[in-house]
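Q: Structure in structure tokens, see below.
The values are calculated or read from the model by the stated rules, or taken from the named source; none is laboratory data. Since this is a predicted model, take the numbers as computed values, not measurements. Glycine gets a Cβ as well: all are built from the backbone with ideal geometry, and neighbour counts include every protein chain shown. Accessible surface areas use protein heavy atoms only, side chains included; no ligands, DNA or RNA. Shrake-Rupley method; radii C 1.70, N 1.55, O 1.52, S 1.80 Å.
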Amino acid sequence: MRKRTLTAALLMLLPAMARAGEVSRIALVLDEGNASAMLEATSQRYVEAMQRIVQTRWQEEYTARRWETLEAAMADTPVARLEYRVSAGGSPVRLYHGMGGPPLGTVAKEALGGPTPPPSPTSLSIDDPWDDAADPEAVSASRASYQAQDAEDAGMYAPDDGLHVRARMRAVDGSVLHPYEIDGSDRALDAEFKVLAELEHDLRSGAIPRGGSAALLISTETCNSCDYAFRAISHHYGIDLHVTRIVSSIPPAERTRLIAEGRARMRGTRLVDAASGRPLLATDALASGRESQVRQALSPSAMNRRFRHVTWEPRTFRLATPAETRSQGAGEEDRQGPDC
């Protein structure tokens, strides 16, 4: 379905409400306020859960390529955070945290137990079961499978405490949110869709009152499907929704001005503060923080693991000394090349 046709169709589905909320949007370029820090805190929840999953279910040693695939997935997958308030200016009554993509149990299985990943991946590669002629029954079955895996993973997360809530894989039956398949991807797996679905679950159950306001912070751009979801939940539940999305680039003129004023300099491909060297762009600040999280919690050295069958160089990263990754007098099996 073409984007123009899809957008028109989605708008026709919006329910008419006596008191419809409003949706506002801004794009965040520079790391101002604490936006990157808030999303980094959301990411930390998922990194810690993945650490528990690997420690519990994947206890063997794996090739460096598999570890790299897992690390890339956890550092790069979009995250979203939503604050819901009942009164303007009041404290949030719920903070929803979401990560895009399949459940973490599926991510770990694909990285550590699936087909051999290619060298130096930049992100987790999972076969997408949907295409332009997606079978609705197949989509429904795949979502049900993900919901079951997400439920199985629940014990690996820090428990919800009444304020902080993890966005689960929710069924869309009876929901005003209708995820679409766009460009071969099921948008029900988007981080922002997950937090909206969790918010709707609480609104429908009466856990929180309707008619409040919500601030949604997203680590990436949004698609037409999620843009529709913003309007749908705002209109149906009378919520004023403010969406902040982090964009990954700065206009060249703005970059030139910051450098000319002495406020910024280039460090490699990143624009950094001239004095402290800290990333100035929100996307770079968040990426740096998430990379550090993964390195500290999910690297083999952090988990007291060794690389399996390390016989090739150079590796894209180095987490331990050669003596730690390969002992002298290794057996014949250790001298063979990677087999997985």
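Q: Every residue in the stretch 115-142 that is open to solvent by less than 40 Å² (accessible area, probe 1.4 Å), closer than 23 Å to Val79 by Cβ and either modelled with pLDDT of 60 or more or in contact with a strand residue (DSSP E or B) (Cβ under 8 Å, 6 or more places away or on another chain) (or both), please.
A: Scanning the stretch 115-142 gives Pro117, Trp130, Ser142.
Q: Something else now. Is there a residue being hydrophobic (A, V, I, L, M, F, W, C), surrounded by 18 or more Cβ atoms within 10 Å (Cβ to Cβ) and modelled with pLDDT under 95 anywhere in the stretch 31-45?
A: Yes, some residue in the stretch 31-45 is hydrophobic (A, V, I, L, M, F, W, C), surrounded by 18 or more Cβ atoms within 10 Å (Cβ to Cβ) and modelled with pLDDT under 95.
Q: Kindly evaluate Ala154 against the criterion of being out of contact with any Lys or Arg (no Cβ under 8 Å at 6 or more places or on another chain), open to solvent by 30 Å² or more (accessible area, probe 1.4 Å), of a type in the set (A, V, I, L, M, F, W, C) and in a helix (DSSP H, G or I).
A: no
Q: Please determine, by comparing only the residues of the stretch 84-99 that are part of a strand (DSSP E or B) and over 17 Å from the mean Cα position of the chain (by Cα), which one is nearest to Gln296 (Cα to Cα).
A: Arg94
Q: So which pairs qualify, if the first residue must be in the stretch 233-250 and over 17 Å from Lys194 (Cα atoms), the second must be part of a helix (DSSP H, G or I) and open to solvent by 20 Å² or more (accessible area, probe 1.4 Å), the Cβ gap must be under 6 Å, and the two must be at least 6 apart or on different chains?
A: So the pair list comes out as Ile246/Thr283; Ser248/Thr283.
Q: Something else about it: Confirm whether Met17 is modelled with pLDDT of 95 or more, open to solvent by 20 Å² or more (accessible area, probe 1.4 Å) and of a type in the set (A, V, I, L, M, F, W, C).
A: no
Q: For the subset of the stretch 157-187 comprising residues that are under 16 Å from Leu104 (Cβ atoms), open to solvent by less than 30 Å² (accessible area, probe 1.4 Å) and of a type outside the set (D, E, K, R), which member is modelled with the lowest pLDDT?
A: Within the stretch 157-187, the match that is modelled with the lowest pLDDT is Met169.
Q: Residues that are under 22 Å from the mean Cα position of the chain (by Cα) and of a type in the set (D, E, K, R): find the strands (runs of 3 or more DSSP E) completely inside the stretch 160-271 holding 1 or more of those. Before the answer, list the steps.
A: On the way: elements: 164-166, 213-218, 240-246, 264-267.
Per the criteria, 164-166, 240-246.
Q: In the list Arg81, Arg85, Arg66, Arg94, which residue meets the criterion of being open to solvent by less than 20 Å² (accessible area, probe 1.4 Å) and basic (Lys, Arg)?
A: It is Arg66.
Q: Restricting to the stretch 41-83, count the residues that are assigned to a strand (DSSP E or B) and more than 21 Å from the chain's Cα centre (by Cα).
A: So the count comes out to 1.
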